[in-house]
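Below is one structure; the comments refer to it alone.
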Amino acid sequence: MAAPALTFLRRLCWRSLCEARQAQAVCIPAVHLHMTTATMPVSQKDFEKAQEQLKLLKKDPGNETKLKLYALFKQATEGPCNSPKPGMLDFVKKAKWDAWNSLGNLSQDNARQKYTELVSSLISAESAGQTKDASPEESRHDDYETIIVTTKNNITKIMFNRPERKNAINHQMYREIIKALQEAGKDDSTIAVITGNGEYYTSGNDLNNFANVQPNDMEKMAKDGAELLKEFVSCFIDFPKPLIAVVNGPAIGISVTLLGLCDIVYASDRATFHTPFSQLGQSPEGCSSYLFPKIMGLAKANEMLLFNKKLTAAEACAWGLVTEVFPDGTFQKEVWERLKAYASLPKNSLAVSKQLLRSMEKEKLHAVNSQECEVLKERWLSDECLNAIVSFFQRKSKL
Ligand SMILES: CCCCC/C=C/CC(=O)SCCNC(=O)CCNC(=O)[C@H](O)C(C)(C)COP(=O)(O)OP(=O)(O)OC[C@H]1O[C@@H](n2cnc3c(N)ncnc32)[C@H](O)[C@@H]1OP(=O)(O)O
């Protein structure tokens, strides 16, 4: 529907509909009422009761429903629409006329019945909604071990949940996040959020992913790792809804690079951002080799991705990686209040807009992801990388 028409339709307000209904009710000839009451499946009393119940609705049911109610009421009380069609520019009258006229020769009995049923469904939907509003339910998706996935207030939250290991991402967690993102992309939520449980956002790749590999299996480990990583990052590239990172604490490695693929990044002032790839004998992933220079400029990206510079939250915000920083004490409260409001925006509009913002880059991002994974596959077999991992497990090094 054209924008001006929508504006005019808003004038078809709830009050005017109720008034119109009352005015019409007064005009119904008693004899006619009596005759129809005898034959219709919904009694005149029920029909009148429905009109009273309609007044009790607290929420405006929306233009489409109001037009349907108007049309059914007119049809029930006056029969088929015989009045002349209003002019094209009289949007409100025309919308009402169209709605009534669309009922054609529907009998008055049927119109009364449909009207009564529609009111009844609106009342039940509202009372169900009220119970929900009074205590918004959080639904927890059960089939995960390394992450917690919940949906509430139109937000699907994916939470890294290995706090005793600083939320390090092991193979199982990569797979579970892939599954959770695929499901969140299709569920009823408006936005998805990724965050960490406990003190850390995440310490990045679990270095145990490289441990206990027999020399003969090294190449297979590298090949399988690269495939898993490529699939994991692809899910972020293709995620169809706004994806928000709520960085509750220190973030390391892949959890930092992925921020470039998130649509908003909120950080606690306790968070830090560290991509120690050269220190670990590795190389950038998560499309950061392409996105970080775009986000912060090549010079600053070099400091992070080549020279392991760890950023404070304030620096990450000044460099464009983080959207906004919040004091840790009020971080959760402020962020979730904000996200709840964002998640009440029209879902489809947000999804198509996000896709517009990202679609031009998608092909490029997939190509970058493939290339980064190819390079990493080689890196994981390098002495530089193996020495760094051995060093970590011998407790000789920590970030
Ligand atoms: C499919 C494969 C895809 C690969 C994609 C590649 C991604 C690249 C990256 O992500 S690079 C980043 C890798 N991360 C690290 O190198 C971090 C290593 N961890 C540390 O340096 C420290 O643990 C710390 C600085 C994060 C925290 O130090 P702190 O002293 O505060 O705490 P602990 O070290 O005692 O940690 C508690 C226990 O958790 C274990 N742990 C923490 N992080 C990791 C990790 N990333 N990998 C493996 N294990 C980790 C830590 O060893 C402690 O275990 P312990 O109690 O048994 O000693």
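Does Ile244 meet the test of being in contact (Cβ under 8 Å) with a residue 60 or more places away in the chain and assigned to a strand (DSSP E or B)? Don't jump to the end; show me each part of the working.
Working: in contact (Cβ under 8 Å) with a residue 60 or more places away in the chain: yes; assigned to a strand (DSSP E or B): yes.
So Ile244 passes the test.
Between Gly196, Gly225, which is within 24 Å of Thr275 (Cα to Cα) and more than 9 Å from the ligand (Cβ to nearest atom)? Can you show your working first?
Values: Gly225 fails: more than 9 Å from the ligand (Cβ to nearest atom).
Selected residue: Gly196, the only one of Gly196, Gly225 that is within 24 Å of Thr275 (Cα to Cα) and more than 9 Å from the ligand (Cβ to nearest atom).
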Could you tell me whether Ser397 is more than 33 Å from the chain's Cα centre (by Cα) and at pLDDT below 95? yes
Suppose we filter Asp217, Asp188 for residues that are acidic (Asp, Glu), surrounded by fewer than 20 Cβ atoms within 10 Å (Cβ to Cβ) and without any contact (Cβ under 8 Å) to a residue 24 or more places away in the chain; which single one remains? Asp217
Which pairs turn up if I take residues in the range 317-336 that are at positive phi and look for partners that are outside any loop (DSSP other than H, G, I, E, B) with beta carbon separation below 7 Å, at least 6 apart in sequence or on another chain? Gly320/Ile295; Gly320/Met296
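So, Ala71, is that one within 28 Å of the chain's Cα centre (by Cα), within 22 Å of Gln53 (Cα to Cα), away from the ligand (no atom under 16 Å from the Cβ) and not in a strand (DSSP E or B) or not?
It is false that Ala71 is within 28 Å of the chain's Cα centre (by Cα), within 22 Å of Gln53 (Cα to Cα), away from the ligand (no atom under 16 Å from the Cβ) and not in a strand (DSSP E or B).
Consider the range 343-365. How many of its residues are under 15 Å from Cys262 (Cα atoms) and not acidic (Asp, Glu)? Working first, answer last.
If we filter the range 343-365 for residues that are under 15 Å from Cys262 (Cα atoms), which is where we start, we get 350-351, 353-359, 361-362, 365.
If we keep only those that are not acidic (Asp, Glu) as well, we get 350-351, 353-359, 362, 365.
Matching residues across the range 343-365 total 11.
One line per residue, one yes/no per condition, for (1) without any contact (Cβ under 8 Å) to a residue 24 or more places away in the chain; (2) within 11 Å of the ligand (Cβ to nearest atom); (3) assigned to a loop (DSSP other than H, G, I, E, B):
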| position | (1), (2), (3) |
| --- | --- |
| Leu258 | no, yes, no |
| Leu280 | no, yes, yes |
| Phe292 | no, no, no |
| Lys300 | yes, no, no |
| Met304 | no, no, no |
| Phe307 | no, no, yes |
Helices (runs of 4 or more DSSP H) wholly inside the range 309-385 that include at least 1 residues being in contact with a helix residue (DSSP H, G or I) (Cβ under 7 Å, 6 or more places away or on another chain) and at pLDDT 95 or above: 347-379
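The values are calculated or read from the model by the stated rules, or taken from the named source; none is laboratory data. Everything numeric in this text was worked out from a predicted model, so none of it was measured. All Cβ positions, glycine included, derive from the backbone under ideal geometry; neighbour counts span all protein chains shown.
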